[in-house]
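Working notes for the structure below.
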Amino acid sequence: MAHRSATEDLALHGVRVLGFPTTARVAGRFRLDRDAVDEALLDAEARGWVRRLSFGGSAGWSL
C-alpha cells in the first residue's frame, strides 16, 4: 500500500512545483478537497511560509 502524504505537505509542495497556482489548481493536482487545501495554505500563510498575491489580473500562491 502506498503512503499518502498529508494535505498540508501536498499543498506546500503544490505551490512549489506549480509556480503561481490557485487553490483549485493545487487541489486538482493532488486530487484533494479544495477547502482542505485552502485551510492548509491559510495556515501556512499565517506561519509566513506562503503568500496569496494578485498581479496583472491574476492571483495565486507564492512561496
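The values are calculated or read from the model by the stated rules, or taken from the named source; none is laboratory data. Predicted model only: the values in this text are computed from it and were never measured. As a convention, Cβ positions derive from the backbone with ideal geometry for all residues, glycine included, and neighbour counts pool all protein chains shown. Heads up: the accessible areas ignore ligands, DNA and RNA and are worked out on the full protein's heavy atoms, side chains in. Shrake-Rupley method; radii C 1.70, N 1.55, O 1.52, S 1.80 Å.
Considering only G48, W61, T7, whose Cα is most displaced toward the positive end of the charge dipole of the chain, charges sitting on Cβ of Lys, Arg (+1) and Asp, Glu (-1)?
W61
Please tell me the relative contact order of the chain in percent, rounded to the nearest whole number, where contacts are Cα pairs under 8 Å and at least six residues apart.
On the way: 70 pairs, mean separation 22.4, N = 63.
This gives 36 percent for the chain.
Once label points are set 7 Å from the Cα along Cα→Cβ at both E39 and S54, what is their separation, rounded to one decimal in nm?
Computed distance between label sites E39 and S54 equals 2.6 nm.
Quick one: net charge around S62, please, counting Lys, Arg +1 and Asp, Glu -1 for every other residue with C-beta under 12 Å from its C-beta. Please report the intermediate quantities before stating the final value.
On the way: positive: R16, R51, R52; negative: E45.
That sum, taken over residues with Cβ under 12 Å, equals +2.
Below 15 angstrom from the Cβ of G28, what's the summed charge of the other residues (Lys, Arg +1; Asp, Glu -1)?
Within the 15 Å Cβ shell, the charges total +1.
Near V17, within a Cβ-to-Cβ distance under 13 Å, what is the net charge of the other residues, with Lys and Arg +1 and Asp and Glu -1?
Local charge sum for V17: +2.
Taking the Cα centre of the range 9-49 as origin, sum charge times position over the Cβ atoms of Lys and Arg (+1) and Asp and Glu (-1), and report the length of that vector in debye to the nearest 20. Show your work: numbers first, answer last.
Working: 6 positive and 7 negative charges, 57 e Å.
Here the range 9-49 has a charge dipole of around 280 debye.
Which loop trypsin sites (Lys or Arg not before Pro) in the chain, with loop taken from DSSP, have no more than 14 other Cβ atoms within 10 angstrom of their Cβ? Let's see the in-between values first.
Numbers: sites: R4, R16, R25, R29, R31, R34, R47, R51, R52; in loops: R4, R31, R47.
Within the chain, the qualifying trypsin sites (Lys or Arg not before Pro) (loop, at most 14 other Cβ atoms within 10 Å) are R4, R31, R47.
What Rg and what Dmax come out for the chain when only alpha-carbon atoms are used, in angstroms?
Looking at the chain, its Cα Rg and Dmax stand at 11.3, 44 Å.
How big is the accessible area of F20 in square angstrom, nearest 10, if you roll a 1.4 angstrom probe over the protein chains?
80 Å²
Would you calculate the separation in nanometres between label points at E8 and R31, each defined as 7 Å from the Cα along the Cα-to-beta-carbon direction?
Rounded to a tenth, the inter-label distance reads 2.4 nm.
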